[in-house]
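The values are calculated or read from the model by the stated rules, or taken from the named source; none is laboratory data. If you're wondering where the values come from, they're calculated on a predicted model, not measured in any experiment. No Cβ is skipped: glycine too gets one built from the backbone with ideal geometry, and neighbour counts run over all protein chains shown. All accessible areas refer to the heavy atoms of the entire protein, side chains included, with ligands and DNA or RNA removed. Shrake-Rupley method; radii C 1.70, N 1.55, O 1.52, S 1.80 Å.
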Amino acid sequence: MINTRNLKAVAFDMDGTLFNSFTVSYDAVREGFEQLWEEIGEKGTTPSWQKVKLFIGLPSYEFYPAVTEPKYRQHAEKIEEYVGAAERRRLADGHGRCFEGTHLTLQTLKEHGIILGCLTNAGKRYFNSVMDNCNLGRFFAISRHLGESMHAGKSDVLREWSVEFGGGDTLVYVGDREGDIRSAHDAGVQAVGVTWGYGSPSELASAEAIIDKMPELLEVLGISD
């Protein structure tokens, strides 16, 4: 159960929590790998969605080596460049979708004076593209994208934010993977797990609350819409 007595802020993971990245990312991954095969004149194995899904949520410097065959891992940065460009094109073309109820829930939280944050392992350009093309950026007073950073993790940022707001019980983090829940708890912050993302039910077991639809977050936090 979430303790909301001193609640001031709610922070969200992005992919798999706010944004349905499947609508953009997997086609972009296929396109990026195909571009590499054409450039180097070889035909490796493009990772399946099942494999990609396992590693979504990792920072890019871990994600791309993880989904690439060992033989081609020296090309991981180039694959990242190609996939990133394809993602941004698809977002600009209107393929991006947020999960149902996301905008209304964020708006309601904001109207009730809750400070909203977004904390993701995505890279800067992808993050900005999702924020702009999916009309999300207007909700967030604070945000951090960690994709290019090897010096800070989610727990570091959540700890920093909780100190800024006055303590761990002032902030709740919402995410879809075990790493999100663990990062929140490592920072002394409460966590809400969402079942519609990329994590399995067992990954969310230690969260203070688990929700099946975004609007349920309002009830969990004791906020009336």
Tell me the accessible surface of F99 in square angstrom (1.4 angstrom probe, heavy atoms of protein chains only), to the nearest ten.
40
Quick check: from the Cα gyration tensor, does the stretch 96-225 come out rounded (a/c under 1.5), prolate or oblate?
rounded
Among W161, W37, H75, the residue whose Cα sits farthest towards the positive end of the charge dipole of the chain, when +1 is placed on the Cβ of each Lys and Arg and -1 on the Cβ of each Asp and Glu, is W161
Enumerate the amide H contacts of C98 below 5 Å, restricted to partners 5 or more residues apart or on another chain; note that Pro and chain-start residues carry no placed amide H.
N20
For labels at I210 and D132 in the simple 7 Å Cα→Cβ model, what's the distance in nm?
3.8
Pop the C-beta distance of K78 and D27 into the FRET formula with R0 = 22 Å and round what comes out to the nearest 0.05.
0.75
Based on the Cα coordinates of the stretch 1-88, what is the per residue volume of their convex hull in Å³?
118
Which residues' amide hydrogens lie under 5 Å from the amide hydrogen of A122, considering only partners 5 or more residues apart or on another chain, with H built in the peptide plane?
L146, G147
Using 0.36 nm per residue, how much length does the chain from S200 to A152 gain when fully extended, once their Cα-Cα distance is taken away?
14.7 nm
Counting alpha carbon pairs within less than 8 Å and at least 6 residues apart, what relative contact order, in whole percent, applies to the stretch 1-159?
31
Cα centroid distance between the stretch 63-131 and the stretch 162-213, in Å?
19
Nearest 10 degrees, 0 to 90: helix 76-92 Cα axis against the chain principal axis:
60
Could you tell me what percent of the DSSP beta bridges with both partners in the chain are antiparallel, to the nearest 5?
5
Square roots of five times the Cα gyration tensor eigenvalues for the stretch 136-177, Å
17, 15, 11
Can you send over the solvent-accessible area of E38, 1.4 Å probe, protein chains only, in Å² to the nearest 10?
150
Quick one: net charge of W37's neighbours, Cβ under 13 Å, K/R +1, D/E -1?
-2
Mind pulling the angle between the C-alpha long axis of helix 124-133 and the longest principal axis of the chain? Nearest 10 degrees, somewhere in 0 to 90.
70
Quick check on the stretch 154-225: take the gyration tensor over C-alpha atoms, sort the square-rooted eigenvalues as a ≥ b ≥ c, and tell me if it's rounded (a/c under 1.5), prolate or oblate.
oblate
How high is the relative contact order of the stretch 41-92? Use alpha-carbon pairs under 8 Å, at least six apart in sequence, and give a whole percent.
28
Taking the structure as given and computing P(r) over Cα pairs in 10 Å bins from 0, in percent, which label from (i) 8, 34, 35, 17, 5, 1, 0; (ii) 9, 37, 38, 15, 2, 0; (iii) 7, 28, 33, 23, 7, 1, 0 fits?
(i)
Hey, quick one: spin label on W49, modelled 7 Å out along Cα-Cβ, who in the stretch 196-222 has an amide N within reach, i.e. under 15 Å?
197-199
Projected label distance in nm at V163 and E62, using a 7 Å step from Cα toward the beta-carbon
2.2
Relative contact order (percent, whole number), the stretch 89-225, Cα cutoff 8 Å, 6+ residue spacing
21
Modelling each spin label as a point 7 Å along the Cα-to-Cβ direction, I'd like the E39/H112 distance in nm, to one decimal.
4.7
Can you list residues from other chains, or at least 5 along the same chain, whose modelled amide H is less than 5 Å from the amide H of S143?
C118
